[in-house]
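Enquirer: Sharing a structure here in structure tokens format.
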Amino acid sequence: MSTYGHVFVKNNQYKLKGAFHHLTPNTPIRNADDDWKLLGVTNPRDMTYIHSYGGEAVFFESLSKGKLLATRCDNTGCDSKGTIYIPFRIHCPDCLGKNRAIDLTDVAKKTARIHTFMVCERSGAFNMLDKPIKFINIEFDGVATILMSYLSLGEPAFGMKVVPIFKTSGPTFTILDLSWVPEGTKKEQLPEGFSF
Amino acid sequence: MITFSKQQLKIPQLQRPVYLVTAGQSKFDRAFPDKRTEELCIDAFTMAAHLLDMSPAELKKYIHTCYYGHFADHFGDQLLGESVIHDRLGLDPLGNVGVKTGGATGGSTLWEGLKAVASGYSDCVLVMGWERMDEVPTDEGNFLISCAADKDWEAPLGHIYTGYYAVMAQRYWQIFGKSEDSFRRTLAEISVKHHGYARFNPFAQSPMKITVEDVLKSPVVAYPLRALDCCLMSVGAACTILCDEDTALKLTKNSKNKPLRIWVAAGSHTLRPADRRDMDIPLLPNETADQYKDLGKRFPGGDRYPGFTGFLAARMAAYYGYGMAGIADPMEDLDVIELHDAFTISDVQTYEDIGLRPYGYGRDYVESGDCYHINPHTGKPGKLPSNLSGGLIGCMHSVGATGIMQTFEIATHLWNRWEEFHGDEMLWKKFDRKKPKDWTNLQVVGAKRGMAISHAGVGSHVTSTILMDPDHLIKKDA
Ligand SMILES: [Zn+2]
């Protein structure tokens, strides 16, 4: 019997429960064109990694609560003071001071628009999104950077206004909990588990 | 807005001249079920020795340190693969180091080797690169490649690198290509050219005689990019030997290889395109600030630099490289180039980043016929032929080896030995490939100076490798 690996932290130590790997036997690779001589073996492997979000954890937790966080450098001695970053940057890339987390949800709802996009018919192994994937890169007023995400409804276009949606029901606590829909989309149209 | 300090913009200075004396490579293919990586590396090294009319054992006596380019440990499922190769080449106990910078790994490995010789640490170094990309099925391979994107912010989005990349292509296509059919055809022409040149290269994995229509009818990967717009996934190895002047003269005593001067420079930019901040366009010697003043007017939306349309890392690699080697105008000063054509559209973007054309006008390098061995419009030699190897689209993209393969190609032109290494019947037979009846000698006649651009993914790392015949330097004290 196997269960998924689960982890929690107690006294600053990882505590592990369940199976973190599953055994599958090797099999030989043989040459059908040469008397089935041995060429190699398969090496099956299935593992679960234990990954810390560190100072970005608050960003991923906030998505599950319907909030989009960015960060800003407030260091008065920094040439880039006031610059707003999303992706969330824990430290300012210029002065390396600790940035302040700010709530960008309202700015996103009012000013988000598509800078560029791509409709991708293919995916790699372990993909969890429906295909085709509509990649979008989003500009916001007053933000220095251009966030990459995906559009859940409609067809993307340059300059198109979009609003964020959040997987508040059954969140994955990954970047997939943040998605976007065209401005004016009705609540009933949202994909399962998502809300504005 | 990002600005650069004077210290950061310093033109790099080598402590002494560095020479490339030989190079070699294995056959490139999608899979080698019957060969270990070390066998391919030994093929490449043996070829490099033979070009000097030496045995591998003789050549090894000169090597002092080794630089190994091997990007994806997880593809080959072997950490410290460099150490395996180093031992199998019989080069212990010499110092060696592994270099990893994504698609630019080959170029970065040359960069490290160059600095070792230039500093005087070593008089002669081995620069070797390889990649093993056939140990997983293509889907899993795409997953592994996507691990080169930010694992929290990008990779979960489909685990498909093309998607992270192609958003940039889309922006370029709409802003600078104006979504024109004519531009789409120009992109297709690049694929036709590279698969076509690959037909004359026995090392190449994907020789094809195709038309623009074939490219336009190939399956969509991420619109407007189609299957035939994309580079290959490959297995193979390539190497070169770099040394100081004295060693170069000794090693080439019995060889047709003339020692070639080499410079390598590098630039970088954010792993996530999402993190790019605006800045003024850093200028190359053949550009002025004035020419970009109204870029946004000429190409609405094109005023945000580097935005998602320019590769700052390529621009900086060119800036440092041109400064070191004294190149004032790459179209005038260079005779042959190999570019990192991961996709047809990134080939065009690179023309602008490295100053073959101003920003916004990259397509003209193809449309003018300048990029061809023989310009199809004039029937005369192209002004600056590119990717005569077939490039990443037609020849290979065995990541750690790619930048070194490009450098091998440039060197064969400068040695005037291209025909020998591409036309030899024995080589075609050895690789179990059929030499086409219309095989054509793509030697660039009289080539004295060339360059190779090695580029990682969305532009996180880019290197420029410049080679020159030492009797045809631009800057005497370079
Ligand atoms: Zn700061």
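Enquirer: If we keep just the residues of region B:391-440 that are β-branched (Val, Ile, Thr) and open to solvent by less than 30 Å² (accessible area, probe 1.4 Å), which is farthest from the chain's Cα centre (by Cα)?
Expert: Within region B:391-440, the first condition is being β-branched (Val, Ile, Thr), and the residues that meet it are B:393, B:399, B:402, B:404, B:407, B:410, B:412, B:440.
From what is left, the residues that are open to solvent by less than 30 Å² (accessible area, probe 1.4 Å) are B:393, B:399, B:402, B:404, B:407, B:410, B:412.
Values: B:Ile393: 12, B:Val399: 10, B:Thr402: 6, B:Ile404: 7, B:Thr407: 7, B:Ile410: 10, B:Thr412: 15 Å.
The qualifying residue farthest from the chain's Cα centre (by Cα) is B:Thr412.
Each row is one residue, and each column tells you yes or no for (1) buried (at least 24 other Cβ atoms within 10 Å of the Cβ); (2) within 12 Å of another protein chain (Cβ to nearest Cβ); (3) touching a strand residue (DSSP E or B) at 6+ places or on another chain (Cβ under 9 Å); (4) not in a helix (DSSP H, G or I).
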| residue | (1), (2), (3), (4) |
| --- | --- |
| B:Trp111 | yes, no, yes, no |
| B:Val117 | yes, no, yes, no |
| B:Gly120 | no, no, no, yes |
| B:Val125 | yes, no, yes, yes |
| B:Met128 | yes, no, yes, yes |
| B:Met133 | no, no, yes, yes |
| B:Val136 | no, yes, no, yes |
| B:Asp139 | no, yes, no, no |
| B:Phe143 | no, yes, no, no |
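Enquirer: On to the next question. Scanning for something within 12 Å of chain B (Cβ to nearest Cβ) and closer than 23 Å to B:Ala166 by Cβ, does region A:168-175 turn up at least one residue? If you could, list the steps in order and put the result at the bottom.
Expert: So the first thing to find is which residues in region A:168-175 are within 12 Å of chain B (Cβ to nearest Cβ), and the list is A:172-175.
Adding the requirement that they be closer than 23 Å to B:Ala166 by Cβ leaves A:174-175.
Yes, because at least one residue in region A:168-175 is within 12 Å of chain B (Cβ to nearest Cβ) and closer than 23 Å to B:Ala166 by Cβ.
Enquirer: Among the residues of region A:75-123, which ones are away from chain B (no Cβ under 14 Å), assigned to a strand (DSSP E or B) and more than 16 Å from the ligand (Cβ to nearest atom)?
Expert: If the condition is that a residue be away from chain B (no Cβ under 14 Å), assigned to a strand (DSSP E or B) and more than 16 Å from the ligand (Cβ to nearest atom), then A:Asp103 is the only one that fits.
So that you can scan it fast, the table gives a plain yes or no per residue for (1) under 22 Å from B:Tyr172 (Cα atoms); (2) open to solvent by 60 Å² or more (accessible area, probe 1.4 Å):
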| position | (1), (2) |
| --- | --- |
| A:Phe126 | no, yes |
| A:Ser149 | yes, no |
| A:Glu155 | yes, yes |
| A:Val163 | no, no |
| A:Thr168 | no, no |
| A:Pro171 | no, no |
| A:Pro182 | no, no |
| A:Glu188 | no, yes |
| A:Pro191 | no, no |
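Enquirer: If we keep just the residues of region A:128-142 that are open to solvent by 20 Å² or more (accessible area, probe 1.4 Å) and in contact with a Phe, Trp or Tyr (Cβ under 9 Å, 6 or more places away or on another chain), which is nearest to A:Ala108 (Cα to Cα)? Outline the logic, then answer.
Expert: So the first thing to find is which residues in region A:128-142 are open to solvent by 20 Å² or more (accessible area, probe 1.4 Å), and the list is A:128-132, A:134, A:139, A:141-142.
Now narrow it down to the ones that are in contact with a Phe, Trp or Tyr (Cβ under 9 Å, 6 or more places away or on another chain): A:129, A:134.
Values: A:Leu129: 22, A:Lys134: 19 Å.
Filtering first and then ranking leaves A:Lys134.
Enquirer: Moving on. List the helices (runs of 4 or more DSSP H) inside region B:288-356, counting only whole elements, that have at least 1 residues being free of Cβ contacts under 8 Å to residues at least 12 places away in the same chain.
Expert: In region B:288-356, the matching helices (runs of 4 or more DSSP H) lie at B:295-298, B:330-333.
Enquirer: Away from the ligand (no atom under 15 Å from the Cβ), more than 10 Å from every other protein chain (Cβ to nearest Cβ) and aromatic (Phe, Trp, Tyr): is that true of A:Phe140 in this structure?
Expert: Details: away from the ligand (no atom under 15 Å from the Cβ): yes; more than 10 Å from every other protein chain (Cβ to nearest Cβ): yes; aromatic (Phe, Trp, Tyr): yes.
Judged against the criteria, A:Phe140 is a match.
Enquirer: Would you mind finding the one in B:Leu94, B:Leu80, B:Leu59 that is of a type outside the set (Gly, Ala, Ser), open to solvent by less than 10 Å² (accessible area, probe 1.4 Å) and in contact with a strand residue (DSSP E or B) (Cβ under 8 Å, 6 or more places away or on another chain)? Write out each step before concluding.
Expert: Values: B:Leu94 fails: open to solvent by less than 10 Å² (accessible area, probe 1.4 Å); B:Leu80 fails: open to solvent by less than 10 Å² (accessible area, probe 1.4 Å).
Among B:Leu94, B:Leu80, B:Leu59, only B:Leu59 is of a type outside the set (Gly, Ala, Ser), open to solvent by less than 10 Å² (accessible area, probe 1.4 Å) and in contact with a strand residue (DSSP E or B) (Cβ under 8 Å, 6 or more places away or on another chain).
Enquirer: Among the residues of region A:15-69, write down those that are more than 30 Å from A:Arg89 (Cβ to Cβ) and in contact with a His (Cβ under 6 Å, 6 or more places away or on another chain).
Expert: A:Lys17, A:Gly18, A:Asp46
Enquirer: Given B:Lys193, B:Lys209, B:Lys178, which one is closer than 30 Å to B:Arg433 by Cα, more than 8 Å from chain A (Cβ to nearest Cβ), outside any helix (DSSP H, G or I) and charged (D, E, K, R)?
Expert: Numbers: B:Lys193 fails: outside any helix (DSSP H, G or I); B:Lys178 fails: closer than 30 Å to B:Arg433 by Cα.
Within the list B:Lys193, B:Lys209, B:Lys178, the selection yields B:Lys209.
Enquirer: Of all residues in region B:202-245, count the ones that are surrounded by fewer than 24 Cβ atoms within 10 Å (Cβ to Cβ), modelled with pLDDT of 95 or more and of a type in the set (Phe, Trp, Tyr).
Expert: 0
Enquirer: Being closer than 23 Å to B:Pro273 by Cβ, of a type in the set (Ser, Thr, Tyr) and touching a Lys or Arg at 6+ places or on another chain (Cβ under 6 Å), is that true of even one residue in region A:75-92?
Expert: No, that holds for no residue.
Enquirer: Quick one: in region A:62-74, which of the residues that are within 25 Å of the chain's Cα centre (by Cα) and within 16 Å of the ligand (Cβ to nearest atom) is farthest from the other protein chains (Cβ to nearest Cβ)? Give the steps one after another, and end with the answer.
Expert: The first filter runs over region A:62-74 and keeps only residues within 25 Å of the chain's Cα centre (by Cα), leaving A:62-73.
Then drop every residue that is not within 16 Å of the ligand (Cβ to nearest atom), which leaves A:70-73.
On the way: A:Ala70: 12, A:Thr71: 12, A:Arg72: 14, A:Cys73: 12 Å.
Residue satisfying both the conditions and the ranking: A:Arg72.
Enquirer: Please work out which one of (1) assigned to a helix (DSSP H, G or I); (2) out of contact with any helix residue (DSSP H, G or I) (no Cβ under 8 Å at 6 or more places or on another chain) is the condition B:Pro93 fails and give its number.
Expert: Of (1) assigned to a helix (DSSP H, G or I); (2) out of contact with any helix residue (DSSP H, G or I) (no Cβ under 8 Å at 6 or more places or on another chain), only one is false for B:Pro93: (1).
Enquirer: Residues in region B:372-386: is at least one open to solvent by less than 10 Å² (accessible area, probe 1.4 Å) and touching a residue at least 60 places away in the same chain (Cβ under 8 Å)?
Expert: No, region B:372-386 contains no residue that is open to solvent by less than 10 Å² (accessible area, probe 1.4 Å) and touching a residue at least 60 places away in the same chain (Cβ under 8 Å).
Enquirer: Also, quick follow-up: Just to be sure, is B:Arg171 more than 19 Å from B:Ser398 (Cα to Cα), in contact with a Gly (Cβ under 9 Å, 6 or more places away or on another chain) and surrounded by fewer than 21 Cβ atoms within 10 Å (Cβ to Cβ)? Break it down stepwise before answering.
Expert: Numbers: more than 19 Å from B:Ser398 (Cα to Cα): yes; in contact with a Gly (Cβ under 9 Å, 6 or more places away or on another chain): yes; surrounded by fewer than 21 Cβ atoms within 10 Å (Cβ to Cβ): no.
It is false that B:Arg171 is more than 19 Å from B:Ser398 (Cα to Cα), in contact with a Gly (Cβ under 9 Å, 6 or more places away or on another chain) and surrounded by fewer than 21 Cβ atoms within 10 Å (Cβ to Cβ).
Enquirer: Go through region B:32-61 residue by residue and tally those that are part of a loop (DSSP other than H, G, I, E, B) and more than 23 Å from the chain's Cα centre (by Cα). Reasoning before the result, please.
Expert: Here is the first cut: in region B:32-61, the residues part of a loop (DSSP other than H, G, I, E, B) are B:32-36, B:52-55, B:61.
Now drop any that are not more than 23 Å from the chain's Cα centre (by Cα), which leaves B:33-36, B:52-55, B:61.
Of the residues in that region, 9 qualify.
Enquirer: For the condition among the hydrophobic types (A, V, I, L, M, F, W, C), touching a residue at least 24 places away in the same chain (Cβ under 8 Å) and within 14 Å of chain A (Cβ to nearest Cβ), what is the one hit in B:Ala48, B:Ala72?
Expert: Values: B:Ala48 fails: within 14 Å of chain A (Cβ to nearest Cβ).
It is B:Ala72.
The values are calculated or read from the model by the stated rules, or taken from the named source; none is laboratory data. None of the values given here were measured: they were computed from a predicted structure. Glycine also receives a Cβ, built like all others from the backbone with ideal geometry; neighbour counts cover every protein chain displayed. When the accessible area is computed, the model is the full protein with side chains, heavy atoms only, and any ligands, DNA or RNA have been set aside. Shrake-Rupley method; radii C 1.70, N 1.55, O 1.52, S 1.80 Å.
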